[in-house]
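Bear in mind that the values in this text are calculations on the coordinates, not laboratory data. Because the structure is a prediction, the values reported are computed rather than measured. Note that each Cβ is placed from the backbone with ideal geometry, even for glycine, and that neighbours are counted across all protein chains shown.
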Amino acid sequence: MLQKLTINNYALIDNLEIGFDSGLNILTGETGAGKSIILGALSLILGQRAESKYFFNQQKKCVIEGTFKISGFHLADFFEENDLDYETETVLRREISADGKSRAFVNDTPVNLTALKQLGEKLIDIHSQHATLEINDPEFQLLVVDSVARHSDLLFDYQTKFRAYKKSLSKLNQLIAESDKAKADLDYFQFQFDELEKGALVADEQEHLELELNTLNNAEEIKRNLLNANYLLQDGEAAALIQLKEAGQALGLIEKYNPAAAELHQRINSAIIELKDVAAEIDAIEQHTFIDEARAEEVNARLSMIYNLQKKHRVSTNAELLQIQDELSEKIQQALFSDEAIEKLQKQIGIDKAELEKLAAQLSVNRKKAIPDIEKQVLATLAEMGMASSSLKIEQHLTPPPPPKGGATEQAPLLTATGIDNIKFLFSANKGHALAEMSKVASGGELSRLMLSIKSIVAQYTALPTIIFDEIDTGVSGEVANKVGVIMERLAQNLQVITITHLPQIASKGQSHYFVYKDDSEAATFTRIKQLSNDERVLEIAKMLSGDKPGESALQNARELLSI
């Protein structure tokens, strides 16, 4: 339900705020006063494209904001899918700058135009006498039948399982494609895997081998320098350890005369112990350093093998080679055992399809039962609106089966997202004329009344968005106009209806009446709107009956229409 619409800087509107009521809301006013401008502004928050040339003030941005009460429309999933905060009172806002840049918001969260349009279509349905697309849309026609069939839970169950079924089919096709490719590449994968497995790779082996090879290639120089270091520490005539021992003895002779000498003597002894450890380690390293050309060749060959594998697979570490080996193993297993996985999934898909066919058959039975009731109610409503010679037939056909496979002769209907039914509405507005698609055999006014009758029925069974009728009463008058008003009044018992009309018979049926007019009192002309009181409604409807200066008889007729 549209609770409030605020328009700033659009066409003849500088600043306008309209609060709508539930039920039937009537908008009247002279031609050109701005009723269509209000609808144009509303369409902006429903995701329509905008042009800055329609701005009232080219130096300011245009801002349109609509506040909607959306409880009961089951929109929580939409908000979750689009990462929006769900509020039962939701605000849609559109801001367009003078340079044409546009921004859209839902509850102050930025959204793109596609999301705004998708949400807007769930909240507002604007219908004019020329808007025939929806009534001929197979999805809308199926919605009508499903609404009257009252099987929303069954349909939801079917659609949930159908989505899972389609995902399984997609996964099956992917498995088959991967299996075919894996089988075709099996020999190649096996060769690569065997080559890596034969290499017996270890993750950190390369680093250790490179270090060992570097040591082997420089063993002679390493031994020479280790021996020299050891000579300087302890074997030479002026070895460091010998000189430290002599220095320690010298300090020991004066300890009794100077306490500081004792501490220094102790530190030299500690240094001697440390240097002895260093010398022992140098000696151990030297003893285990060998000039081994055979081992160097062996390490070099091993590293060459590793480098070749890395180059072949375009990696730089053994860890990456091991990962490739695991992936090859997985592909080989997939090729060897993919048939088993495919067969298992095919079996499950068969079970799921059988369940879907059962649910689809029940949906089809329910629709078949609902169709006569829809035809009867629509024709009865049309008769009330002066179209008693109309004919309506709702055809129900099963979806054509997919092309046969493997010589099969009989196949079940094709499963779709809505079941196995194709629904088509055929209509004739005149007796004796052949039934055909509605847009081909009905005028704009007739289509408007047909849409009104259909939606008045659907609204009894399901929550519909706010409906806006834009002068769909063109071409009707007198008692027919009164009947159209009665139907609108009946429709508004189940949902919010906003109607732009020039007919007093329809205007009198509204619960709330808004008058749109031009204000020339300032330097520029502005479009204004006000909600009429009972007395103001009497005068406005009297003017609609007889002109700008209605007499007492017109005023009395207006009171009678308003039941005042």
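For Ser553 and Glu479 in the same chain, what is the full-extension length gain: residue separation times 0.36 nm, less their Cα-Cα distance, in nm?
24.8 nm
Modelling each spin label as a point 7 Å along the Cα-to-Cβ direction, I'd like the Glu195/Leu398 distance in nm, to one decimal.
Distance between the two pseudo-spin positions: 5.7 nm.
Students often check this: by mean Cβ neighbours within 10 Å, which of 462-470, 33-41, 239-247 ranks highest, and how do the rest follow?
Listed from highest to lowest mean packing, they are 33-41, 462-470, 239-247.
How far apart, in nm, are two points set 7 Å out from the Cα along the Cα-to-Cβ line at Tyr517 and at Ser329?
Placing both labels 7 Å beyond Cα along the Cβ direction yields 8.7 nm.
Taking only Cα atoms, what is the 0 to 90° angle, nearest 10, from helix 35-44's long axis to the longest principal axis of the chain?
20 degrees
For the peptides 502-509, 58-65, what is the packing order when you average, over each peptide's residues, the other Cβ atoms within 10 Å and list the highest mean first?
Descending packing order for the listed peptides: 502-509, 58-65.
Give me a comma-separated list of calculated 3J(HN,Hα) values for the range 87-93, in order, Karplus coefficients 6.51, -1.76, 1.60 applied at θ = phi - 60°, integers in Hz, x for any Gly or Pro.
Computed from phi, the couplings for the range 87-93 are 10, 5, 10, 10, 10, 9, 9 Hz.
Which angle from 0 to 90°, rounded to the nearest 10, does the C-alpha axis of helix 534-546 make with the longest principal axis of the chain?
60 degrees
In whole Å, what is the distance between the alpha-carbon centres of the range 41-111 and the range 467-526?
Measuring centre to centre over Cα atoms gives 25 Å.
I'd like the orientation of helix 138-149 relative to the chain: the angle between its Cα long axis and the longest Cα principal axis, in ° from 0 to 90, rounded to 10.
80 degrees
Hey, what D do you get for the chain in µm²/s if you plug the Kirkwood alpha-carbon radius into Stokes-Einstein at 4 °C and 1.567 mPa s?
Using the Kirkwood radius from Cα pairs, D works out to 40 µm²/s.
In nm, to one decimal, how far is the modelled label at Asn214 from the one at Ala262, with both set 7 Å along Cα→Cβ?
Roughly 5.0 nm, to one decimal.
Quick one: net charge around Glu298, please, counting Lys, Arg +1 and Asp, Glu -1 for every other residue with C-beta under 13 Å from its C-beta.
Here the count lands on -2.
Sorted by mean Cβ packing within 10 Å, highest first, what order do the peptides 254-262, 275-283, 422-430 take?
Ranking, from highest mean packing down: 422-430, 275-283, 254-262.
Report the extension gain between Asn534 and Thr114 in nm, rounded to one decimal, defined as 0.36 nm multiplied by the number of residues separating them, less their alpha carbon distance.
The Asn534-Thr114 span can extend by a further 147.0 nm.
Residues with amide H under 5 Å of Ile13's amide H, sequence separation 5 or more or different chain, H placed in the peptide plane at 1.01 Å from N; which?
Thr527
Gain in length, Gln59 to Lys424, computed as 0.36 nm per residue apart minus the alpha-carbon separation, to one decimal in nm?
Gain in length upon complete extension: 126.3 nm.
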